[in-house]
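Heads up, the thing below is written out as C-alpha cells.
The values are calculated or read from the model by the stated rules, or taken from the named source; none is laboratory data. None of these values were measured; they are calculated from a predicted model. Cβ coordinates were reconstructed from backbone atoms using ideal geometry, including for glycine residues, and neighbour counts include every protein chain displayed.
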Amino acid sequence: MKKKSASPAGGKRSKLFYSGRDCRAYDYMGAHPLVQDGEPGYLFRVYAPEAEKVSVMGEFNGWDREVDYMERDEQGIWEKFIPHVPEYAAYKYSVWAKSGDVFDKSDPYGFHAETRPGNASKVFDIEGYEWSDTSWMEWRKSHLPYSSPVNIYECHLGSWKLHEDGNFYSYRQLADELVPYVKEMGYTHIEFMPLTEYPFDGSWGYQVIGYFAATSRYGTPKDLMYLIDKAHQAGIGVIMDWVPAHFPKDGCGLVEFDGSYLYEYADPLKMEHKEWGTRVFDYGKVSTRNLLFSSAMFWIEKFHMDGLRVDAVASMLYLDYNRQHEWRPNIHGGRENLEAIDFLRLLNEYILTDHPDVMMIAEESTAWPMVTKPGYDGGLGFNFKWNMGWMNDMLCYCSADPFFRKDMHDKITFSFMYAFSENYILPLSHDEVVHGKSSLIGKMPDPYENKFGGLRALYGYMAAHPGKKMLFMGGEFAQFSEWAYQRGLDWMLLDYPAHKQMQTYVKALNHFYLETPQLWEQDTDWRGFEWISHEDNRNNIIAFRRIAADGSDIVIVVNFSPEMQEVYRIGVPFAGSYEEIFTSDRTEFGGSGLSNGRVRSENKPLHGQEQSIRIQIPRFGVLFFKGKPRAKRRTKAEIEAAKKAAEAQKGKTSKAVAKPAEKAPAVRPDGEK
C-alpha cells in the first residue's frame, strides 16, 4: 500500500470543509489508505457535530463498537487511524447521540458498499485505475455539446439484460455488450439511471444512501470505471442520473445522522416528501452543501462522467411542492426555496467552471424561468434542461385517434414557439413507460398496423425538432410491455419482423442524425429553424426547415395521419431540385416504399416562399429533403467579362514564380498533430 498524506483535522482542508464550499471533500472525509508510523492502515473521518462520541466498528475489530473510538476536533469532524485494515472490509460508524441513543451508520463519504440487503460501507482505495480514454477527454474539450450531436440512450443497468438464471450483468459484461450495441445503434451517449448506492431495488436508484459509492449490484467501483472507459474508447459519452433532492429514511443512511437533523430540515413543514417517504436536504447547511457539491464533482472527476442529469429539480425549487396547505413560506412570503436556488447556482458554477465541457441537465417539470442561463444573470446555471412540455404534448397528441388530431394541432406546433428559450433535451424517458402509462408503441392508437407507423412518425419528428434527443431502452425496438425493473427487456421481439424493422429504422435515423449538421449545429439558436407550413391541421401535416451554421438547410415534412397524400405542395426557399435524402417509409423500416426521389421546384409561390415543390407524402411519413439551387444563367455581358478576367489572370500567372503550398499538418480529434 502506497503512503498517502492525511491533512490534520484543524488544517486548511477542514477550514474549507467548514465553509460549506468544499467541492472535493471526498479527498478528506471517509476512509483513506495511509501509512502511519510505518504501519499501513486506513484513516477514517466523519462529520457528526452533535454526537457525544463516535467509533468505527467493522470486520477488522469484530464489529465491536467499544474498540476504536474516534477523536473530535472543535467543530465536529471525528477521526481515527486503524492499522492493518484490509481492502473490502465492511465497516460502520457507531454514533452516540446526546439523547443516549446509538446509531450504526454507513459512511456518508464511503466509496464502496455491501450488496443489499447488507448496508455497511466497505473499505476501498478509489485511486489507481489506469484510464485509457485520454483521446476522448481531449476531444470532449473541443466539441461542446451545444453545437454537437447529442442522442442519448437511457438505460437501467439491472434490467437492460439479465442472465438466464436471473442474475444481473456485471459492469464489465455490460462493457462488452451494452457499449457495442449503443455504438452500433448510432447513439452518442448512454444515460445511466442512478448508480449511487441504494438499498431498495424498487426505487430504481432514486433513494440514495451512498453518494460516493457505485452500487455493488454490478461489481466494484473500478469495474464501473472500466465500463465508462470502454464507452469513451468507443466514442460514447456517459451521463448519470444524480439525486440531490431527497434521501430515504433507512436507519443506516443520512437520516438524523448524529441525533440531530444534520442533513435534512428540522422544520416539520419542510422536512419530508411524504408522498415519496423521504427526507429533504437542507441546502443552507454546511453538511449538505459539502456532501452534494463533492458528490457531483466526484463522479465527474473520479469516474470521468460526461454529465449529470439532476433529478427532481422542481421539488427542490418550490417549498409547496406536493404540499397543499402545510408548507412554510420563505422569508419574503413566497413559495421559492431560496437556499435550494442558491445551492443549484453554486453547484453549476463550480462544476462548469472546472469542467465547461460536461452537461449539467435539469429535470425541471415546471415553467421556472432561465434554468439554463448563468447564475450571474439570474438563472440556475444548468446548461441543459429536459423539455417536459414537448414530451407531454407529443404523447398526448400521438395517443389520440388521428380523427381528433385536427383539434389538437397546437400540440405539435407550440413547442417551436419556445424551443430556443432554454437549451433543451427532448426526453422520452423511463417515467413515460411505467405505472400504467403503457409503452410508447402501446400509446399509439389502433388498429395494430398503424401503431408502428405512428411510432416511426414520432421518432422522425423528434429527430427533426430542435433540441438534443433521449430515448429509454426498449423504445428502439417497440417493446409492447411496460418497463419493469425486475426483468430484462423483451429482446425476443426482435424475432418478429415489425420489431426488427423498428430497430432498423431507429438505427438508420440515428446515423442520419449524426451525419446531418442541420439537425444539431444550431439547436440553441433561432437561426437554426424556420417554419414552412404549420396550419394544415386537417391533414395532420407540418413542414419546416432546419439550418446549419453555414446557412445550408434541409426541408422536413411530417405526416401524423394514416392517410397518404398523393399530391401535396409545399413552399421551398429557392429554385432548384430537392432530393429526398431520408424517409421513414422505406420497406426495410416497415413502410410502403414510396419515394419522391429528386423533384424540381416550380415558380408557384406558397407558404411565404417564392417556389414550391409537389410531392407524395406516405401515411405517417417523415421526409427529409436536401435542396440544390438552380444554376443562374449568365448574360452575354457577364460571359464576356469573365473571359477577359480569365485571360488577364492567365498572363499574371505565367510571369510569376511558382511556389508550392505548404501542406497543413493533420490534426486528430484530440488536438494532437
- Scanning the stretch 261-282 for residues that are crowded, with 17+ Cβ neighbours inside 10 Å, touching a Pro at 6+ places or on another chain (Cβ under 8 Å) and farther than 16 Å from Gly20 by Cα gives Thr278, Arg279
- Message: Residues that are within 35 Å of the chain's Cα centre (by Cα), at least 1 per element: which strands (runs of 3 or more DSSP E) completely within the stretch 560-604 meet that?
- Response: 576-583
- Message: Given (1) more than 25 Å from the chain's Cα centre (by Cα); (2) closer than 17 Å to Leu347 by Cβ; (3) surrounded by 21 or more Cβ atoms within 10 Å (Cβ to Cβ); (4) among the charged types (D, E, K, R), identify the lone condition not met by Lys285.
- Response: (3)
- Message: If I go through the stretch 344-389 residue by residue, how many of them are under 23 Å from Ile236 (Cβ atoms) and aliphatic (A, V, I, L, M)?
- Response: 7
- Task: Name the single residue, out of those in the stretch 469-512 being in contact with a strand residue (DSSP E or B) (Cβ under 6 Å, 6 or more places away or on another chain) and part of a loop (DSSP other than H, G, I, E, B), that is farthest from Asp585 (Cα to Cα).
- Result: Gly488
- Go through (1) buried (at least 18 other Cβ atoms within 10 Å of the Cβ); (2) out of contact with any strand residue (DSSP E or B) (no Cβ under 9 Å at 6 or more places or on another chain) one by one and return the number of the condition Phe303 breaks. (2)
- Item | the stretch 182-216, subset more than 19 Å from Asp306 (Cα to Cα) and of a type in the set (Phe, Trp, Tyr), residue surrounded by the fewest Cβ atoms within 10 Å (Cβ to Cβ) | Phe200
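For the stretch 263-278, what are the residues that are more than 30 Å from the chain's Cα centre (by Cα) and aliphatic (A, V, I, L, M)? Spell out how you get there, then give the answer.
Of the stretch 263-278, the ones more than 30 Å from the chain's Cα centre (by Cα) are 266-269.
Ala266, Leu269, listed by residue number.
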- Glu535 being assigned to a loop (DSSP other than H, G, I, E, B) and surrounded by 18 or more Cβ atoms within 10 Å (Cβ to Cβ): no
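Against the definition (assigned to a helix (DSSP H, G or I), touching a residue at least 40 places away in the same chain (Cβ under 8 Å), among the small types (Gly, Ala, Ser) and more than 21 Å from Ala312 (Cβ to Cβ)), how does Ala463 come out, yes or no? Full working, then the answer.
On the way: assigned to a helix (DSSP H, G or I): yes; touching a residue at least 40 places away in the same chain (Cβ under 8 Å): yes; among the small types (Gly, Ala, Ser): yes; more than 21 Å from Ala312 (Cβ to Cβ): yes.
Spelling it out, Ala463 is indeed assigned to a helix (DSSP H, G or I), touching a residue at least 40 places away in the same chain (Cβ under 8 Å), among the small types (Gly, Ala, Ser) and more than 21 Å from Ala312 (Cβ to Cβ).
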- Task: Please work out which residue is farthest from the chain's Cα centre (by Cα), limiting yourself to the stretch 475-497 and to residues that are surrounded by 13 or more Cβ atoms within 10 Å (Cβ to Cβ) and among the acidic types (Asp, Glu).
- Result: Asp490
- Query: Which of (1) within 27 Å of Ile361 (Cβ to Cβ); (2) buried (at least 16 other Cβ atoms within 10 Å of the Cβ); (3) at pLDDT 95 or above is the odd one out, the single condition Thr524 does not satisfy?
  - Reply: (3)
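Would it be correct to say that Gly110 is under 22 Å from Ala296 (Cβ atoms), buried (at least 18 other Cβ atoms within 10 Å of the Cβ) and in contact (Cβ under 8 Å) with a residue 24 or more places away in the chain? It would help to see each step written out before you state the result.
On the way: under 22 Å from Ala296 (Cβ atoms): yes; buried (at least 18 other Cβ atoms within 10 Å of the Cβ): yes; in contact (Cβ under 8 Å) with a residue 24 or more places away in the chain: yes.
For Gly110, the condition - under 22 Å from Ala296 (Cβ atoms), buried (at least 18 other Cβ atoms within 10 Å of the Cβ) and in contact (Cβ under 8 Å) with a residue 24 or more places away in the chain - is met.
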- Note on the structure: Per the list (1) in a strand (DSSP E or B); (2) more than 38 Å from the chain's Cα centre (by Cα), residue check on Lys98 breaks on (1)
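Which of the following residues is β-branched (Val, Ile, Thr) and not in a helix (DSSP H, G or I): Ile300, Ile351, Ile361, Ile341?
Numbers: Ile300 fails: not in a helix (DSSP H, G or I); Ile351 fails: not in a helix (DSSP H, G or I); Ile341 fails: not in a helix (DSSP H, G or I).
None of the others qualify; the one that does is Ile361.
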- surrounded by 16 or more Cβ atoms within 10 Å (Cβ to Cβ) and either in contact with a Cys (Cβ under 7 Å, 6 or more places away or on another chain) or not acidic (Asp, Glu) (or both), is that true of Gly442? yes
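Among the residues of the stretch 258-295, write down those that are small (Gly, Ala, Ser) and free of Cβ contacts under 8 Å to residues at least 60 places away in the same chain. Reasoning before the result, please.
So the first thing to find is which residues in the stretch 258-295 are small (Gly, Ala, Ser), and the list is 259-260, 266, 277, 284, 287, 294-295.
If the condition is that a residue be small (Gly, Ala, Ser) and free of Cβ contacts under 8 Å to residues at least 60 places away in the same chain, then Ala266, Gly277, Gly284 are the ones that fit.
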- Note on the structure: By my count, strands (runs of 3 or more DSSP E) wholly in the stretch 11-94 with at least 2 residues that are touching a His at 6+ places or on another chain (Cβ under 7 Å), crowded, with 19+ Cβ neighbours inside 10 Å and aromatic (Phe, Trp, Tyr) are none
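Anything in the stretch 314-330 that is exposed (fewer than 12 other Cβ atoms within 10 Å of the Cβ) and within 14 Å of Asp267 (Cα to Cα)? List them, or say none.
From the stretch 314-330, those exposed (fewer than 12 other Cβ atoms within 10 Å of the Cβ) are 324-326; that's our starting set.
The answer is Glu326, and nothing else.
If you take the residues in the stretch 593-606 that are buried (at least 16 other Cβ atoms within 10 Å of the Cβ) and of a type outside the set (A, V, I, L, M, F, W, C), which one is nearest to Met564 (Cα to Cα)?
Pass one, the stretch 593-606, residues buried (at least 16 other Cβ atoms within 10 Å of the Cβ): 594, 596, 599, 601, 606.
Next, from what is left, pick out any that are of a type outside the set (A, V, I, L, M, F, W, C): 596, 601.
Working: Asn596: 13, Ser601: 21 Å.
Selected residue: Asn596.
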